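To keep things clear, I will list the structure first and then write my remarks on it.
The values are calculated or read from the model by the stated rules, or taken from the named source; none is laboratory data. None of these values were measured; they are calculated from a predicted model. Here the Cβ positions follow ideal geometry from the backbone for every residue, glycine too, while neighbour counts run over all protein chains shown. What goes into the accessible areas is simple: the full protein's heavy atoms, side chains included, and nothing from ligands, DNA or RNA. Shrake-Rupley method; radii C 1.70, N 1.55, O 1.52, S 1.80 Å.
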Amino acid sequence: MKIGVVHVTAEAVSVPYTELITENFERAKADGTEIVHRFVRHMRRATDTAIAYPTLLNKVDVIAEMLELERAGVDAVFVACSGDTGVAEARSLLSIPVVGPMEAAMSLALGYGWRFGIVTVEDRLGPRTWNRWCRPTA
């Protein structure tokens, strides 16, 4: 089996995260399963994934990489972003399973009960900051 992993940032800025998830995949994957990493070409800062407009534009790159992975013969694709960037859109185009970590984690958690929590970092790029950046100027 071959699983494609699409990172939502360019390869140069994805190195620490790539190492982290590769280590986790290596522990969990079946013998003989190959993990293939792909990276988008445009998103240069992970912090941009918290802002709606760059994330919208980045979905095009993410889905393009997923399509290429399917053409290359992978059996499934996984997006390496808890925002599940491009997952819903890719499912409408690909004939292989498309997995996002947030949806998978929530599905697993709901198997244990109806209430669960998510622990995350403080998002300093919340609506107030984003609105300040994007206000039209006179």
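Here are the numbers for this structure:
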| item | result |
| --- | --- |
| Filter result for the condition that a residue is in a loop (DSSP other than H, G, I, E, B), surrounded by 16 or more Cβ atoms within 10 Å (Cβ to Cβ) and touching a residue at least 24 places away in the same chain (Cβ under 8 Å), over T18, T85 | T85 |
| From M66, M102, residue being closer than 27 Å to T33 by Cα and either crowded, with 17+ Cβ neighbours inside 10 Å or at pLDDT 95 or above (or both) | M66 |
| Residues satisfying the stated conditions in the range 56-90, i.e. of a type in the set (K, R) and more than 14 Å from the chain's Cα centre (by Cα) | R71 |
| Qualifying residue in the range 39-57 (condition: under 22 Å from S107 (Cβ atoms), open to solvent by 20 Å² or more (accessible area, probe 1.4 Å) and modelled with pLDDT of 90 or more) | no |
| Residue ID - modelled with the highest pLDDT, chosen from residues in the range 105-138 that are hydrophobic (A, V, I, L, M, F, W, C) and in contact with a helix residue (DSSP H, G or I) (Cβ under 8 Å, 6 or more places away or on another chain) | F116 |
| Qualifying positions in the range 21-38 - of a type in the set (A, V, I, L, M), within 18 Å of the chain's Cα centre (by Cα) and loosely packed, with under 13 Cβ neighbours inside 10 Å | none |
| Any chance V79 is under 25 Å from V119 (Cβ atoms), in contact with a strand residue (DSSP E or B) (Cβ under 6 Å, 6 or more places away or on another chain) and among the aliphatic types (A, V, I, L, M) | yes |
| Qualifying positions in the range 1-20 - under 15 Å from the mean Cα position of the chain (by Cα), modelled with pLDDT under 90 and small (G, A, S) | A10, S14 |
